[in-house]
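Report on the following structure.
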Amino acid sequence: MANVAVVGASGLVGSKIRDILEERNFPVDRLFAFASKKSVGKEIEFQGKKVIIEELKEDSFDNRGIDLALFAAGGSVSEKYVPLAVKNNIRVVDNSSCFRMDKDVPLVIPEVNPSDIKKRDMLIANPNCSTIQSVLAIANIYQEYGIDRIVYNTYQAVSGGGERALEDLYEKKNDHWKYKIYDNLLPQIDSFLDNGYTKEEMKMVNESRKILGDDSIKITATAIRVPVSNAHGVSINLKLKKDFNLDDIRKVLESTPGVIVEDDIANEIYPMPATASGKDEVFVGRIRRDFSCDNSLNLWCVADNIRKGAALNAVQIAELLVKE
């Protein structure tokens, strides 16, 4: 049994982490819930017991007997408080982008690269939501055929922007972003960089290489926010290093843990946010050869960005730590 802290416990991802810890019977002895001042004192229920949300402070981890902390409160909170948790000998799973590209911090999708976690690692980073579903979908294809180039186009749900963003969608306003999301598409997720890409797009580029352990893969990405409440879609174009048979590609996908193939065009069956939302798996369909380029392939994948794209992946990492 472990004493577990959830940081950002009242937010979309933090709330989902709590739910999934309970759903998966994670061996929690005591749950600590930390959040910002506005949530302090709120009462939540976990495993039939009442838990009071505490304000996250610099001494929150001191002498509390916490074994494991799951952070879901954003980069600025992680930057300040993750080192304080580690200093107290607490192992941390961090959902922010703050430490993902640190060479000493494993960036892990449990179905893909669990062995990257070593016993000495006190901090494990949870990848970007779109990276998780995309790399999980293509990891075994990479192992079988090699990948020369990846083109990602994301269609990201509003829940990825948090509760205020969802209010913008539901109430048809634009208080959260510069432009409205209702009845619109926003070809910008996160801020722009000097190279013309957004931070979100470069996360997918850099994180994919790190998780697959291959800096030679050529990757480009375009990230778009769409007026869908939950579950991201990603169109993936792959140029493989070897030729392939589509039936074999389907077999590789069907044998990938955490992936479900929905690819029956005769009956118009393919992944959609409406059917993937609330599910743990990554759904892959529209599997077809790209005739414009040798050894190239198109895939469409959809996953619940709050579950597999954040909370579930974090809990699965925590399960690996507990097994150690």
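The values are calculated or read from the model by the stated rules, or taken from the named source; none is laboratory data. Just so you know, these numbers come straight off a predicted model, no measurement behind them. Heavy atoms of the whole protein, side chains included, go into the accessibility calculation; ligands, DNA and RNA do not. Shrake-Rupley method; radii C 1.70, N 1.55, O 1.52, S 1.80 Å.
Normalised by 2.2 N^0.38 Å, with N the number of residues, the alpha-carbon radius of gyration of segment 1-111 equals 1.01.
Only protein atoms count toward the accessible area here, which uses a 1.4 Å probe; on segment 75-157, the carbon and sulfur part of that area reaches 45 percent.
In plain terms, if you count all Cα to Cα distances in segment 58-106 and split them into 10 Å steps from zero, the share in each step is 28, 59, 14, 0 percent. A helix-only calculation puts the chain at -8500 deg cm²/dmol for mean residue ellipticity at 222 nm, using -39500 (n - 2.57) for each DSSP H run of at least four residues, averaged over all residues. The value obtained for segment 72-164, namely the Cα convex hull volume divided by the number of residues, is 122 Å³ per residue. Give the carbon-plus-sulfur fraction of the accessible surface of segment 222-324 in %, rounded to a whole number; probe 1.4 Å, heavy atoms of protein chains only. That share works out to 49 percent. Taking all protein chains together and a 1.4 Å probe, the residues Thr222, Thr131 rank Thr222, Thr131 from largest to smallest accessible area. Near the amide H of Asn3, within less than 5 Å, lie the amide hydrogens of Asp29, Arg30, Asp67, Leu68, all on another chain or at least 5 residues away, with H placed in the peptide plane.
List the relative contact order of segment 180-297 as a percent without decimals, with contacts defined as Cα pairs under 8 Å and 6+ residues apart.
Values: 136 pairs, mean separation 27.1, N = 118.
The value is 23 percent.
Between the helical axis of 199-212 and the longest alpha-carbon principal axis of the chain there is an angle of about 80 degrees. I want to verify a result. In a Gaussian network model of the chain, Cα cutoff 10 Å, which of these has the top mean-square fluctuation: Val105, Val92, Val302? Ranking Val105, Val92, Val302 by mean-square fluctuation puts Val105 first.
Taking the DSSP beta bridges in segment 150-241 as the whole, what percent of them are antiparallel, to the nearest 5? Don't jump to the answer; show the numbers that get you there.
Details: 8 of 15 bridges.
That works out to approximately 55 percent antiparallel.
For the chain, the longest principal axis of the alpha carbon atoms and the long axis of helix 129-145 meet at an angle near 50°.
Convex hull of alpha carbon positions in the chain: directionally averaged projected area 17.3 nm². Backbone geometry of segment 26-40 corresponds, through the Karplus equation with coefficients 6.51, -1.76 and 1.60 at θ = phi - 60°, to 3J(HN,Hα) couplings of 4, x, 8, 7, 9, 9, 10, 10, 10, 7, 7, 4, 5, 9, 4 Hz, x marking Gly and Pro. Distant-in-sequence amide contacts of Ile269, defined by a placed amide H-H separation under 5 Å and a gap of 5 or more residues or a different chain, comprise Asp264. Under a Gaussian network description of the chain, with springs only between Cα atoms under 10 Å, the residue in Ile224, Ile260, Ile269 that fluctuates furthest is Ile269. Solvent exposure of the chain, expressed per residue, is 46 Å² of accessible area, with all protein chains present and a 1.4 angstrom probe. Between Glu254 and Lys279, the contour length at 0.36 nm per residue exceeds the alpha carbon distance by 7.3 nm.
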